[in-house]
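**Q** Structure below; questions to follow.
The values are calculated or read from the model by the stated rules, or taken from the named source; none is laboratory data. Predicted, not measured: the structure shown is a model, and the values here were computed from it. Don't worry about glycine lacking a Cβ; one is built from the backbone with ideal geometry, like all the others, and counts go over all protein chains shown.
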Amino acid sequence: MPASMTAFASRSRDLPSARLCCELRAVNHRYLELGLRLPEELRAHEAELRERISRRVRRGKVDFRLELAATVAGAGALRLNLTNLAAVVEACGEVQIACGQAQAPGVIELLRWPGVVESTTPDPESLLPEVLALVEETLADFLAGREREGARIAAFMQERLNDMARQVALLREKLPRLVQHQRERLLARIADLGVSVDPGRIEQEVALLAQRADVAEEIDRLDTHLTEVRRLLEEPEPIGRKLDFLMQELNRESNTLGSKSQALESTAIAVELKVLIEQMREQVQNVE
């Protein structure tokens with residue numbers, strides 16, 4: 001069953017002094033392009049997180065975001081570094097003396113100064129089990145969303161494959177009639193010209209016309225490609241690139257049918273086939 005490349009999943013988890021938020025989103029891409037946004041406390045684990053995701057996702061432009069935000073309980077664990085605070089206040093006093101009119105910083109400004117307030121955030125190593133568990137939950141939701149969308153794509157494609165199979169069967173059924181139609185057209189032209197032509201010569205020309213317009217081989221290849229697409233739709237592995245190649249092959253055969261067509265009936269079938277192939281091709285662009 002194919003999986004879509006487009007999906008979104010988000011999960012969060014409350015820790016004693018912080019809240020973890022994890023988000024995964026993806027759109028179409030030719031290859032796997034994985035971007036990670038992590039808090040500084042977890043930068044050391046980027047390689048491990050990247051490997052976990054790339055092991056489960058093969059294609060798509062994937063954005064992974066992990067946030068660590070202090071909660072109300074965590075905010076109560078803040079503490080002042082009095083040494084740094086004294087140094088900042090002293091420096092501000094020296095600036096005021098030097099400049100004369102410099103305004104003294106407010107309390108909030110002092111608290112925002114790097115190193116004045118120290119947060120008792122959890123140790124990154126102690127966070128890792130919670131982080132990995134949350135990532136796995138988010139990844140499971142993400143993959144489930146891809147599979148649901150992939151199932152819808154597969155159902156859509158099966159309908160188009162059935163329509164194509166009916167058109168191909170109809171064309172196969174019409175082939176003998178199309179040859180007869182060519183013979184009748186040739187005889188009508190000769191009659192309009194009012195000339196006498198050797199019957200053997202007429203049959204020879206009919207045979208040449210039939211040979212140039214013979215599409216039995218193209219019909220057989222179309223049937224083969226349709227069977228292969230159906231088989232791929234049951235495969236558990238990523239099939240997007242294979243399907244894209246088969247869409248090109250189907251389009252090539254339908255183009256040949258159109259170029260060889262000598263009757264409105266076969267031309268209409270070739271056009272209908274191209275429409276159905278294009279509809280499938282648009283969906284295939286979203287398959288992993």
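**Q** Has region 79-91 got at least one residue that is basic (Lys, Arg), at pLDDT 90 or above and either out of contact with any helix residue (DSSP H, G or I) (no Cβ under 6 Å at 6 or more places or on another chain) or not in a strand (DSSP E or B) (or both)?
**A** Among the residues of region 79-91, not one is basic (Lys, Arg), at pLDDT 90 or above and either out of contact with any helix residue (DSSP H, G or I) (no Cβ under 6 Å at 6 or more places or on another chain) or not in a strand (DSSP E or B) (or both), which makes the answer no.
**Q** Let me ask something else about it. Please go through region 230-288 and pick out each residue that is crowded, with 19+ Cβ neighbours inside 10 Å, of a type in the set (A, V, I, L, M) and more than 23 Å from the chain's Cα centre (by Cα).
**A** Result: Leu257, Ile269, Ala270, Leu273.
**Q** Please indicate, with yes or no, whether at least one residue in region 55-76 is of a type in the set (Val, Ile, Thr), under 30 Å from Val287 (Cβ atoms) and modelled with pLDDT of 75 or more.
**A** The answer is yes; a qualifying residue exists.
**Q** Given the conditions (1) part of a helix (DSSP H, G or I); (2) acidic (Asp, Glu); (3) over 19 Å from Asp163 (Cβ atoms), report the number of the one that Glu278 does not fulfil.
**A** It fails just one condition, (3).
**Q** For region 226-275, which residues satisfy the criterion of being under 19 Å from Tyr31 (Cβ atoms) and either in contact with a Pro (Cβ under 6 Å, 6 or more places away or on another chain) or not in a loop (DSSP other than H, G, I, E, B) (or both)?
**A** Ile239, Gly240, Arg241, Lys242, Leu243, Asp244, Phe245, Met247, Gln248
Listed here are the residues, each with its yes/no results for (1) part of a strand (DSSP E or B); (2) surrounded by 14 or more Cβ atoms within 10 Å (Cβ to Cβ); (3) in contact with a Pro (Cβ under 9 Å, 6 or more places away or on another chain); (4) at negative phi.
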position	(1), (2), (3), (4)
Ala9	yes, yes, no, yes
Cys22	yes, yes, no, yes
Ala44	no, no, yes, yes
Arg50	no, yes, no, yes
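**Q** Report, ordered by the first and then the second residue, all pairs with beta carbons closer than 7 Å, sequence separation of six or more or different chains, a first member in region 6-33 that is under 15 Å from Phe142 (Cβ atoms), and a second member that is crowded, with 19+ Cβ neighbours inside 10 Å and among the aromatic types (Phe, Trp, Tyr).
**A** From region 6-33, the pairs are Ala7/Phe142; Ala9/Phe142; Leu24/Phe64; Leu24/Phe142.
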